[in-house]
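The numbers here are math on the coordinates, done by the rules we state, and not lab data. Computed from a prediction, not measured in an experiment: that's the story for all the values here. Heads up, the Cβs are rebuilt from the backbone with ideal geometry, glycines too, and the neighbour counts pull from every protein chain shown.
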Amino acid sequence: MENFFLDNETLKFHLMHPLMKKIVEMKECGYNEAQQYEIAPFDYDDAMDSYEKILEIIGEICGEIIAPNAENVDLEGPKLVDNEVIYASGTQQNQQSLINAGVYGMALPRRYGGLNFSMVPYVMAAELVARADGSFANIWGLQDCAETIYEFASEELKEAYLPLIPKGFTCSMDLTEPDAGSDLQAVQLKATFDEKANCWRLNGVKRFITNGDAHIKLVLARSEAGSGDGRGLSYFLYDRKDKAVTIRRMEHKLGIKGAPTCELVFNNAPAQLVGEQRLGLIKYVMTLMNGARLGVAAQGVGIAEAAYREALKYAREREQFGKSIIHFPAVYEMLGNMRAKIDAIRTMLYETCRFVDLSKLYEQLGKERSLTGEERSEMKHYQRLTDIYTPMLKLMSSEYCNQIAYDALQVHGGTGYMQDFPIERLYRDARITSIYEGTSQLQVVAAIKGVSNGSFLKQIKEYDSMEVNSNLAGLQMQLQEMTARFEKMCEAAKNYNNAEMYDFVARRLVEAAANIILGYLLLADADRCEKYTASARIFIGAANAQNFEKEAFVNSFSAGINEIYK
Amino acid sequence: MSLKIVVLAKQVPDTRNVGKDAMKEDGTVNRAALPAIFNPDDLNALEMALQVKEALPDAEILVITMGPPRAADIVRESLYRGADRGFLLTDAKFAGSDTLATSYALSKAVMRCQPDLIFCGVQAIDGDTAQVGPQIAEKLNFPQITYAEALIAVSSKKISLKRRLEHGVETVEAALPLLVTVHSSAPACRARNARRVMQFKHAHTPSELTGIARDYTQIYRQHPCLNIEEWNVQTIEADLAKLGLSGSPTKVKKVDNVVLVQKESKQMSDSDADVELMITELMENHIIG
């Protein structure tokens with residue numbers, strides 16, 4: 001029996017992080033639901049036991065059903081028949097298995113039929129699904145929309161739609177338009193209020209909509225006629241049963257072929273307002289986007305894990321010059337780096353999940369009673385970390401996912417270029433991760449404020465205050481030196497006194513900060529469990545060398561150099 | 001009256017991935033070295049029972065397993081997948097039972113449930129006898145359908161099934177009550193359900209509860225389905241002489257380690273004449289027929 005949760009001990013290591021005690025305690029409000037719900041935990045151990053058991057179920061479905069289906073899903077793909085998307089047969093089986101297992105809606109409160117799980121096991125499930133089939137990770141991951149409905153919609157909408165999620169009703173987030181991609185402020189799809197029918201009406205076109213034929217759609221639209229920017233946009237819920245959307249085409253893509261990507265025409269489609277008018281983009285989409293970026297980061301880790309395993313297996317089996325190719329330095333260096341990069345992005349993935357958990361839990365608590373001063377500052381602290389870690393994580397996870405898929409194919413040599421091995425599909429599936437839900441370039445725009453306002457540096461100092469085993473002291477010193485150099489580099493960039501030049505080197509600054517943070521996270525992992533020492537050493541060594549390069553560039557950058565690139 | 005279904009399931013050592021230490025010096029199975037699993041065919045049997053329940057939602061599925069105290073895992077696994085209740089048949093006096101003694105004990109246990117339908121796997125991977133199911137049917141005077149592969153239709157009066165036979169398939173219909181042995185080619189059992197896992201992981205036998213610190217008294221009063229009843233020789237009113245070693249006519253005389261070695265080899269070309277020759281020889285040896 002293949003089980004993607006049980007065959008990867010690192011997942012349990014991250015699930016059992018010491019901070020989980022606090023998260024689960026808050027999530028379960030002191031374990032007071034056990035009387036009301038048979039599935040609610042009695043205490044911390046009971047809750048963690050459930051997390052593990054449910055991840056085991058998902059790991060088994062991933063290993064036994066979703067992964068074996070992935071090749072055919074990629075070949076067959078979804079079909080558009082009479083304005084309806086029919087998933088590939090494998091996708092349908094995947095979906096049905098997860099619905100029957102009762103795992104959809106894991107993160108929703110129990111009163112809406114959810115399991116009330118923390119973000120950590122929820123995102124871990126997304127990683128497992130992505131390792132099995134990157135395209136299916138989208139259909140699974142779009143249940144994130146429920147989170148937005150839960151946080152912002154009226155009680156009436158919540159009661160009508162949230163209980164559908166555990167039943168396997170699918171979602172889509174309809175944001176992009178032909179002329180509004182990265183710049184969502186330019187969204188034109190029109191929303192007008194229909195007094196007679198007492199509902200909103202949507203008219204216009206959406207493009208590149210993943211899972212475009214979903215049951216429940218969250219649509220960004222211009223509700224304020226005559227407005228031109230983000231403040232004129234509101235958020236709407238459209239229900240597929242109203243049959244007022246035409247699927248104009250389904251895209252032919254490089255990868256994630258199992259996930260239908262649609263161009264849609266809204267024809268006077270009835271819709272209901274989510275939350276308040278005019279907060280669509282500036283508040284709700286930003287929140288939804290943070291969740292979606294976490295999802296793509298998990299997808300990146302999952303695809304990277306799958307690619308690494310394919311490369312490792314091939315390198316052990318393939319013999320050249322009388323031995324397995326894994327024994328050649330040029331090959332095992334690639335594999336060691338891949339392992340270290342995966343360990344790095346995975347540890348940041350779950351660190352970010354814990355920040356998201358805590359910031360949401362304090363927000364929730366704040367709705368129930370007034371927070372103490374200490375609680376309020378904890379909430380702000382975790383909100384700030386969520387805001388800067390999410391784009392940094394999405395950047396690093398998706399870029400590493402691509403690098404790992406590239407190297408994993410390289411290990412296969414010419415064979416990898418053929419369609420005979422899964423790595424060819426994984427390489428194609430990896431490519432989208434650094435593009436959708438905000439390109440890498442846009443993640444830099446979001447993360448750079450953590451560099452310029454010193455938030456990353458503050459968190460780095462916080463990591464540095466931990467005491468580590470003496471055998472790790474050398475690595476810690478290396479990170480301290482990197483931090484000192486990073487501060488100088490930031491100073492140099494600030495001294496350009498030129499916004500365009502600063503933007504020009506922004507990616508280098510963000511990546512330099514990320515290298516240090518990933519280094520500290522791996523150091524903490526190595527401190528908690530010795531087996532992560534190898535990855536910590538490999539990663540910090542490489543990151544140090546990389547940061548020298550970035551520093552040399554930023555420190556010697558002078559006025560006008562950016563001009564010559566034009 | 002709602003349909004009552006009994007599923008018989010066995011906990012077995014996982015003999016599918018056998019390592020060096022799978023057998024002890026004396027030729028018996030080293031159970032400690034092999035993980036204990038749900039007998040694969042019995043999972044197919046549970047799935048077929050669940051399909052019957054889907055067709056007839058009033059039906060109740062009871063799982064009976066016979067084995068040491070830790071076999072309670074089998075009952076929980078069944079509850080996770082959709083069974084309604086489970087019983088563990090456990091008693092030191094059952095130790096050493098062969099298929100005759102086992103089928104006697106199980107038939108006595110099944111009788112307590114008064115089922116309309118009994119499902120069990122064709123065989124267990126530790127003994128591979130495929131005798132227990134048919135023997136139980138004989139003892140209960142139930143008709144039986146063996147090697148079932150697919151459920152075609154079911155009502156509270158009759159069932160129709162597809163059987164997997166050596167040279168093809170056969171569709172049969174029979175009136176209830178009935179015992180069915182289910183073949184490994186039948187649909188695989190569904191995955192555990194998250195909600196049922198979170199609920200039934202607290203299902204325990206009385207002897208398991210003595211080892212657990214948490215006080216379950218109140219929870220069990222509220223949710224009686226979380227009690228896994230333990231049945232022993234007295235509960236099923238069995239005759240001691242028919243159980244264990246004394247009730248087992250099968251005696252293991254000797255166990256041999258079989259090492260397959262290559263005895264002879266022949267090179268054959270791909271010419272038609274050689275292929276013809278090879279086929280003739282294989283047919284004479286009854287390797288192909």
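Descriptive notes on the structure:
- Region B:154-161 - phi-based ³J(HN,Hα) in whole Hz, Karplus 6.51/-1.76/1.60, Gly and Pro as x: 8, 9, 6, 9, 8, 9, 10, 9
- Three-way shape call for chain A based on the alpha-carbon gyration tensor, with the a/c threshold at 1.5: rounded
- In order along region A:292-300, the Karplus-derived 3J(HN,Hα) couplings, from 6.51 cos²θ - 1.76 cosθ + 1.60 at θ = phi - 60°, round to 5, 5, 4, x, 5, 4, 5, 4, x Hz, and Gly and Pro are given as x.
- Our note on the geometry: Cα centres of region B:21-99 and region A:157-234, 51 Å apart.
- Close amide H pairs (under 5 Å, H built 1.01 Å from N) link A:ASP174 with A:LEU218, A:VAL219, A:LEU220, residues at least 5 positions away or on another chain.
- Shown for B:CYS189, A:CYS262: other C-beta atoms within 10 Å of each C-beta, ranked fewest to most, produce the order B:CYS189, A:CYS262.
- Pairs from A:LYS12/B:LYS53; A:LYS190/A:LYS394; A:LYS167/B:LYS53 whose Cα-Cα separation, in the structure shown, is over 24 Å: A:LYS12/B:LYS53; A:LYS190/A:LYS394
- Region A:281-438 - Rg over Rh from alpha carbon coordinates, Kirkwood radius: 1.15
- Taken as Cα centroids, region A:517-541 and region B:165-234 sit 45 Å apart, rounded to the nearest whole angstrom.
- Nitroxide proxy distance, nm - points 7 Å out along Cα→Cβ at A:LYS313 and A:GLU159: 5.0
- Database remark: amide H of B:THR146 closer than 5 angstrom to the amide H of B:THR181 (H placed geometrically; neighbours at sequence offset of 5 or more, or on other chains; Pro and chain starts carry no H).
- Table column - 3J(HN,Hα) (Hz), region A:266-272, Karplus curve with 6.51, -1.76, 1.60, x for Gly and Pro: 8, 10, 6, 6, x, 8, 10
- Taking 7 Å steps out from each Cα toward its Cβ at A:VAL205 and B:LEU165 produces label points 6.4 nm apart.
- By the compact-protein rule of thumb, 2.2 N^0.38 Å, the alpha-carbon radius of gyration of chain B corresponds to a ratio of 1.16.
- Two-site FRET efficiency, A:ASP179 against A:ARG111, from Cβ-Cβ distance with R₀ of 41 Å, rounded to 0.05: 0.50
- Ranked by how many other Cβ atoms sit within 10 Å of their own Cβ, fewest first, the residues A:LEU385, B:LEU100 fall in the order B:LEU100, A:LEU385.
- Cysteines without a disulfide-compatible neighbour (Cβ-Cβ under 4.7 Å), chain A: A:CYS29, A:CYS62, A:CYS199, A:CYS262, A:CYS353, A:CYS401, A:CYS490, A:CYS529
- Looking at region A:171-278 alone, DSSP beta bridges between its own residues are antiparallel in about 85 percent of cases.
- FRET efficiency estimate (nearest 0.05) - Cβ-Cβ, A:ALA552 to B:CYS225, R0 60 angstrom: 0.30
- Report summary: the helix-based calculation at 222 nm, which adds -39500 (n - 2.57) for every DSSP H run with n ≥ 4 and divides by the residues of the protein assembly as shown, gives -15000 deg cm²/dmol.
- The GluC sites (Glu not before Pro) found in region B:8-100 that occupy coil by DSSP, while having at most 14 further C-beta atoms within 10 Å, are B:GLU25.
- Length-normalised contact order for chain B - Cα pairs under 8 Å, 6+ apart - percent: 22
- Residues of region A:328-368 falling in the label zone of A:GLU375, defined by backbone nitrogen less than 12 Å from a point 7 Å along Cα to beta-carbon, are A:361-368.
- Beta bridges by DSSP in region B:4-242, antiparallel share as percent, to the nearest 5: 40
- Packing-based exposure ordering (other Cβ within 10 Å, fewest first) of B:THR280, B:THR205, B:THR146: B:THR280, B:THR146, B:THR205
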